[in-house]
Amino acid sequence: MAKKNQRLDKFAIAAALQEIAALLELKGGTDRFKARAYQTGSRVIAAMREDIGDVIRDNALTSMRGIGNALASQIEQLYSTGESSVLRGLRKDFPPGIIELSGVPGLSIKKIKLLHDALGITSVAELKAAAEAGRISTIKGFGAKSEQGLLETLSAKRTTEKRQRRLHIHHAERIAEPIGDYISTARGVSEVAIAGALRRRKETVGTLRFVVAAAKPPAVIKHFLGFPLIIQVTSQTPDTCDVVLAEGAKVSVTAVGPDDFSLAVITETGSQAHVAKLLNLEKAKTRKRPAASSARMSALTSIESKEAAVYKRIGLQFIPPELREDEGEIEAARAGKLPDDFITTDDIQGMVHCHTTYSDGKHSVQQMALAAEQMGMKYITITDHSPTAFYAGGVTLDQLKRQWDEIAEVQETVKVKILRGTESDIVADGRLDYPDKILEQFDVIVASIHSRYKMDSEKMTKRIVTAMRQPVFKIWGHALGRLIERRPPFECDIEKILDVIAESRAAIEINGDPYRLDMEPRWIREARKRKIKFVISVDAHSAGALNNMKYGVGIARRGWVRKGEVLNALNTKGFQKAVRPA
């Protein structure tokens, strides 16, 4: 904690709120509900763009989402005095280092207090050193067996940490943003880049990787280690460090001189296999140098333009970050055959797969339409659930008529074209929900599975094939039903289904919901081989979820999807014609 009357910046305030949350969580009981409030407050403060002093002076803290009066009071205390009465009280209840040490399985708060009182242990590193030196066994209540057990637990803990739960991409982005802001405040920093799995737009991220260009790289590392949310430094050199943040995220920072920045970004971004091939090409000093087209080069960001020069030096076209997996991209770039028209968010003209209050959405037709219009979209599809999805408020025929009337009324007030659609359940026998005469009246149909996921592969395949062969045009929604890290894809013969889709009136959705991101890039590539078209959707249940588009585009790019293969990259008339059911 800062000295009394020393004002804290937003990062230090966020760290204090995170510590309060962690200590409340350790107390358990009803305090766990309070812990969530402080954790939310920590995230809001760390991510805020406004000057926190101005917000406090304007008494505007409580206008920020998730911050109530009690939380605002503690934030004001921290900003004005460098202290928090709540945190001060909690610290009295626990020994130092409790948050880090409580992560060691089997180590109770009582035992942590014994360790601190006897040996002054306040970290996992000190605990390990003491156990290896045989000092734990000298403490009453432990003994040699307990000491050996601790060493084994710590060894197993390291193994488990290597297999840590990965962050969903949107959580990784949220955590990364304030880190990048903090690093950029270091003296002498000229550029900061996100690298690793997040830049490759992987569904989940194990470690947040940053590359920094600076005149004095060691000074950047020293500055970063002052980031208040760090609770553990796992490795450190003059130019690199790996740390763990209070909410469990792993972060790696590499600092280099400006001349080495581009190469460092490339080596820290690509998969190990991709980077290994690049280094071999660099060593071989290949002379063949097909360059990216001038049109493509002009579209690159500043960092990508510098990377393009590195790729060109070793005889390759520029390879977009999402492709750097060693899945044929290097060979294509070396032969000059890498496409220059991969889909981008700027190419998208319409929001597809949007829910409203008619089923399980949070916002009305008008609110969703206005949000899409403000984002510059030309059209939006309202695709609420069909009747079979009763658990999601599926829209009955009577409700459907009211919705269509409302869409007509709202259309008079907005410029964005509102298309009448449905997310029709594919029922167990492969039929689409709603009678055929109703299905034919929609502008767009997203056909999805929401039940009976545990059908065997043969039955599930037949179910989907039957749906895809129905004469109406439909979009196969969140194709394999996965929920990342919660539910695996269901069993089916996907290649057979893709063959049927290629011959049917159907397209495939690339779902942008960060918990779905379905289908996987490997299957997207298989679909592309069959010349199947795609729709990149937001699967939005609120206006804010329209921002899911960037996640869908990321997955599409990882599947090598090009602009001409995406139906909602078409203008309104083109899209309507392409997806019209009848």
Have a look at Gln441, Met460, Ala308 and report the one farthest towards the positive end of the charge dipole of the chain, computed about the Cα centre with Cβ charges (Lys/Arg +1, Asp/Glu -1). Ala308
Roughly what angle does helix 549-558 make with the longest principal axis of the chain, taking Cα atoms, 0 to 90 degrees, to the nearest 10? 90
For the chain, with +1 on Lys and Arg beta carbons and -1 on Asp and Glu, the positive-most of Ser542, Trp476, Ile407 along the dipole: Trp476
The range 321-378 - Kirkwood radius from inverse mean 1/r over Cα pairs (Å): 14.6
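Going highest first, how would you order 493-502, 419-428, 406-415, 182-191 by mean Cβ packing within 10 Å? Present the calculation step by step, with values, prior to reporting the outcome.
Details: 493-502: 18.1, 419-428: 23.7, 406-415: 13.4, 182-191: 15.6.
Top of the packing list down: 419-428, 493-502, 182-191, 406-415.
What is the packing order of peptides 473-485, 37-49, taking the mean over residues of other C-beta atoms within 10 Å and listing the highest first?
Details: 473-485: 22.3, 37-49: 20.1.
For the peptides 473-485, 37-49, the packing ranking is 473-485, 37-49.
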Work from the charge dipole of the chain (Cβ charges, +1 for Lys and Arg, -1 for Asp and Glu, about the Cα centre) and give the residue of Pro581, Ile56, Leu150 farthest towards its positive end. Leu150
Debye calc, one equal point scatterer per Cα of the range 61-119, no solvent, log10 I(q)/I(0) at q = 0.12, 0.25, 0.31 1/Å comes to -0.45, -0.93, -1.19
Residues with amide H under 5 Å from that of Ile426, placed H, sequence gap 5 or more: Ser448, Ile449, His450
Karplus-derived HN-Hα couplings along the range 81-87 (A = 6.51, B = -1.76, C = 1.60, θ = phi - 60°), whole Hz, x at Gly and Pro: 10, x, 9, 10, 5, 5, 5
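From Cα pairs below 8 angstrom and at least 6 apart in sequence, can you work out the relative contact order of the range 203-256, rounded to a whole percent?
On the way: 93 pairs, mean separation 24.2, N = 54.
Answer for the range 203-256 is 45 percent.
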What's the angle, to the nearest 10 degrees (0 to 90), between helix 144-162's Cα axis and the longest principal axis of the chain? 30
Å² per residue, accessible surface of the chain at 1.4 Å: 46
Can you check what the Kirkwood hydrodynamic radius comes to for the range 453-582, Cα pairs only, in Å to one decimal? 14.9
Normalised by the empirical 2.2 N^0.38 Å for globular proteins, what value does the Cα Rg of the range 484-561 take? 1.10
Which whole-number percentage describes the relative contact order of the chain, with Cα contacts under 8 Å and a sequence gap of 6 or more? 9
Residue by residue through the range 480-486, which ³J(HN,Hα) values in whole Hz follow from phi under the Karplus form 6.51 cos²θ - 1.76 cosθ + 1.60 (θ = phi - 60°), with glycine and proline marked x? 9, x, 6, 10, 4, 6, 10
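With charges set only on the Cβ (+1 for Lys and Arg, -1 for Asp and Glu), what does the dipole of the range 1-141 come to about its Cα centre, in debye to the nearest 20? Each step should come with its number before you reach the end.
Values: 21 positive and 15 negative charges, 85 e Å.
Roughly 400 debye for the range 1-141.
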Cα extents of the range 388-522 along the three principal axes, largest first, in whole Å? 45, 31, 29
Please report, in cubic angstrom per residue, the volume enclosed by the convex hull of the alpha-carbon atoms of the range 1-71. 91
The range 356-397 - Debye-derived log10 I(q)/I(0), Cα point model, q = 0.13, 0.18, 0.28 Å⁻¹: -0.30, -0.52, -0.89
Mind checking the dipole of the range 181-228: about its Cα centre, +1 per Lys or Arg Cβ, -1 per Asp or Glu Cβ, Debye to the nearest 20? 140
Fraction of beta bridges assigned by DSSP in the chain that are antiparallel (%, nearest 5): 40
Roughly what angle does helix 365-374 make with the longest principal axis of the chain, taking Cα atoms, 0 to 90 degrees, to the nearest 10? 70
When the convex hull of the C-alpha atoms of the chain is computed, what volume per residue in Å³ does it have? 190
For the chain, what does the helix formula give at 222 nm: sum of -39500 (n - 2.57) over DSSP H segments with n ≥ 4, over the residue count, nearest 500 deg cm²/dmol? -13000 deg cm²/dmol
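Taking loop as defined by DSSP and a crowding limit of 13 other beta carbons within 10 Å, which GluC sites (Glu not before Pro) in the range 38-97 fit?
Passing both the DSSP loop test and the Cβ count: Glu50.
The values are calculated or read from the model by the stated rules, or taken from the named source; none is laboratory data. These numbers were taken from a predicted model, which means no experiment stands behind them. Cβ atoms come from the backbone with ideal geometry, glycine included; neighbour counts cover every protein chain shown. For accessibility, only protein heavy atoms count, side chains too; no ligands or nucleic acids. Shrake-Rupley method; radii C 1.70, N 1.55, O 1.52, S 1.80 Å.
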